[in-house]
Amino acid sequence: MATQTSQSGKPDVPHGAVEQTGARTITAALLRHVGTLAKACGATAIFVYVDALHDEPLPLPESLKQRVYYVTKTPAQEQHETERGGRCLRVPNVALSRMGQVKIAIFLALSRGLIRRGDRVVFLSGLGGSGELDMVLIIEVGREYEMFCPDTADATDCPDVQPQVLSRVIDIASELGSEGREGKPVGALFIVGDTEHVLPLTRQLILNPFAGYPAEKRNILDESLTETIKELATIDGAFIVHADGTIESCGTYLKTASQKEFELPQGLGARHHAAAAITSVTRCLAVTVSESTGTVTVFRNGAIVTDIERPRSLGRRVSPGLAKSE
């Protein structure tokens, strides 16, 4: 096949090939310098959003590998990286902005005790399926309000709540916020942990759909319950979830109206104020889904720990099976 040449006499390079070469160059540069960055800032952990890359092992120095966590949305990629000897952190398989990727990954890492308030971390990110890492962020956990409320950055410490239970609640909440239910937006409220003190502050708005079932049949970790939970989210009231994942009830009203008002951002309604109230008087965590915006917000000790906004669609293509990232 003949090679096309430009007027300068040099071979024409397809536009796509130029983009691909540029992507590899940027990614290689970030990976080449990440060790220097981590050393300079004293980073305790490095997070890499591997869904942005094609399926190739990362050329990281051995000295860094013990501090690296691979962030992915899919169980298949999680298993693949684990088989390679890497440590993975799976985030919800929904559309996430760049900051959404960072927020949810760091929140889950905090909840599992992988990092602590005051730690510095390096986060490498990119567009899912793009084949490149194009953003590097250095974060001191708990310092930025945009990332975490400074007074509650370590408030994910809820010793009785199993990390996988919290991750599962975040997964379901994120899917509800991103997809809604049958094409319609849905709001939801999940109260997790410290049910001994939460239940006296509740009453049922409806007959409890989970009453009478054995605990193993109503555990939120059971993926066969996902669609049931999403359907029941359309009912007013909260889900009450035990620390081990057992769902106690849904359609539950929280009797915290007599508690003080909370200084929350404008636009947050009764569901968010109820979440703030119940977490201020018990040791539970609360996860809300905003019906109007799809934003997932986590509360602890009467305050917002973090929130994950649903990104606006930019109409960009990503690899099949991966939700879009902004």
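The values are calculated or read from the model by the stated rules, or taken from the named source; none is laboratory data. The model shown is predicted, which means the values in this text are computed figures rather than measured ones. Counting neighbours? That spans all protein chains shown, and the Cβs are built from the backbone with ideal geometry, glycine included.
Here is how the numbers come out for the structure above:
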| read-out | value |
| --- | --- |
| Residue check for residue 110: under 17 Å from residue 30 (Cβ atoms), buried (at least 18 other Cβ atoms within 10 Å of the Cβ) and of a type outside the set (D, E, K, R) | no |
| Filter result for the condition that a residue is without any contact (Cβ under 8 Å) to a residue 40 or more places away in the chain, surrounded by fewer than 24 Cβ atoms within 10 Å (Cβ to Cβ) and assigned by TED's automatic domain parsing to the domain that holds residue 73, over 87, 98, 120 | 87 |
| Selected residue [in contact with a Cys (Cβ under 6 Å, 6 or more places away or on another chain), buried (at least 20 other Cβ atoms within 10 Å of the Cβ) and either under 24 Å from residue 96 (Cβ atoms) or in the same structural domain as residue 283 (by TED's automatic domain parsing) (or both)] from 190, 239 | 239 |
| Of residues in segment 167-187 being within 17 Å of residue 250 (Cα to Cα) and surrounded by 21 or more Cβ atoms within 10 Å (Cβ to Cβ), the one farthest from the chain's Cα centre (by Cα) | 187 |
| Residue match in segment 156-176 (condition: more than 24 Å from residue 279 (Cβ to Cβ), charged (D, E, K, R) and at pLDDT 90 or above) | no |
| Condition check for residue 132: assigned to a loop (DSSP other than H, G, I, E, B), in contact with a helix residue (DSSP H, G or I) (Cβ under 6 Å, 6 or more places away or on another chain) and either in the same structural domain as residue 29 (by TED's automatic domain parsing) or at pLDDT below 85 (or both) | yes |
| Test: residue in segment 27-43 that is modelled with pLDDT of 80 or more and assigned to a loop (DSSP other than H, G, I, E, B) | yes |
| Residue ID - modelled with the lowest pLDDT, chosen from residues in segment 113-129 that are of a type outside the set (Ser, Thr, Tyr) and not in a loop (DSSP other than H, G, I, E, B) | 124 |
| Within segment 196-235, tally of residues that are loosely packed, with under 13 Cβ neighbours inside 10 Å, charged (D, E, K, R) and closer than 24 Å to residue 184 by Cβ | 2 |
| Every pair of residues 6+ apart whose Cβ atoms lie under 6 Å, when the first sits in segment 299-318 and is part of a strand (DSSP E or B) while the second is surrounded by fewer than 21 Cβ atoms within 10 Å (Cβ to Cβ) and modelled with pLDDT of 85 or more | 307/295 |
